[in-house]
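What follows is a set of notes on a single structure, which appears directly below.
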Amino acid sequence: METERFEALIDAILAIIITIIVMEIPLPETTSLMSLIELYPEFIAYAISFVICFKVWNYHHNLFNIVNKLNSTITWTSGISIMFVGLLPHVTTMIASDFHSFVAQAMFGLVFFITCISCFIVDEMLIHIDKANIALRLALENRKKITVISILIFIIGYIIGYYLYPPAILVSCVIVIFSNYIPRKYLKKIKLPF
């Protein structure tokens, strides 16, 4: 199966998702600076949702440049991941309408968490069907560690969000995004118990 058509589909879906998220930002009541500042929850939610969409696009773009083999199981799993990303406009609107709601923050975090886990599953499937692809193995060598770190960050974010400050879940999503950029030399020092 060719990856170009699949990448084009993902590009189109993500472009639509980002457009919907932008269109959900309401216009300010007046053209004053205070009216714009009052919309900070909408802008924060939009910025983080945009970064998540860009992360998903970047993940697929970089990954499918080195993939040699693709099967229907991988495309369906990636499709399910994109389906959850498609919920971003809805959960972004939930956060924007009630920024300090635990349920809104939890739903946003859940969408992002499922997206991260499904990307990890796709990584494992790709390694399994394309065992001779050295470039793929090198690109994905630390994915298990990053996924475990991400799960721990989500758990901490949800605990803090539930008991103290619901936007901690949104903060945990941002930390997970940046945890993907931990230098390899530091990741090699991290030992997993399994």
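No value in this document is a laboratory result; all are computed from the given coordinates. What you see is a predicted model, and the numbers here were worked out from it, not measured in a lab. Here the Cβ is made from the backbone with ideal geometry for all residues, glycine too, and neighbour counts use every protein chain on show.
Sort Phe54, Phe154 by Cβ crowding within 10 Å, fewest neighbours at the top.
Details: Phe54 13, Phe154 22.
If I rank by nearby Cβ atoms, fewest first, I get Phe54, Phe154.
With each pseudo-label sitting 7 Å past Cα toward Cβ, what's the Val103-Thr19 distance in nm, one decimal?
That separation, rounded to one decimal, is 3.1 nm.
Just want the ordering: Cys119, Cys173, from fewest to most Cβ atoms lying within 10 Å of their own Cβ. Can you show the working numbers first?
Numbers: Cys119 19, Cys173 24.
Least crowded to most crowded, the residues run Cys119, Cys173.
Suppose every Lys and Arg Cβ carries +1 and every Asp and Glu Cβ carries -1, with no other charges. What dipole size does the chain come out with about its Cα centre, to the nearest 20 debye?
1220
Specify whether the C-alpha gyration tensor of the stretch 1-91 places it in the rounded, prolate or oblate class, a ≥ b ≥ c being the square roots of the eigenvalues: rounded for a/c under 1.5, otherwise prolate if a/b is larger than b/c and oblate if not.
Working: a/c = 3.56, a/b = 3.07, b/c = 1.16.
Cα axes put the stretch 1-91 in the prolate bin.
Lysine pairs in the chain with alpha-carbon atoms under 14 Å apart, 8 or more places apart or on different chains: how many are there?
On the way: Lys69/Lys131; Lys144/Lys188; Lys144/Lys189; Lys144/Lys191; Lys145/Lys185; Lys145/Lys188; Lys145/Lys189; Lys145/Lys191.
Here the count comes out as 8.
Suppose R0 equals 30 Å. What FRET efficiency, 1/(1 + (r/R0)^6) with r the Cβ-Cβ distance, do Phe43 and Glu4 give to the nearest 0.05?
Step by step, r from the Cβ atoms, then E = 0.30.
Express the relative contact order of the chain as a whole percentage, based on alpha carbon pairs under 8 Å and six or more residues apart in sequence. Don't skip to the end; give the middle numbers.
Working: 183 pairs, mean separation 42.5, N = 194.
The value is 22 percent.
From the Cα trace of the stretch 70-194, what convex hull volume per residue do you get, rounded to a whole Å³? Show your work: numbers first, answer last.
Working: hull volume 14.0 nm³, N = 125.
Each residue corresponds to 112 Å³ of Cα convex hull volume.
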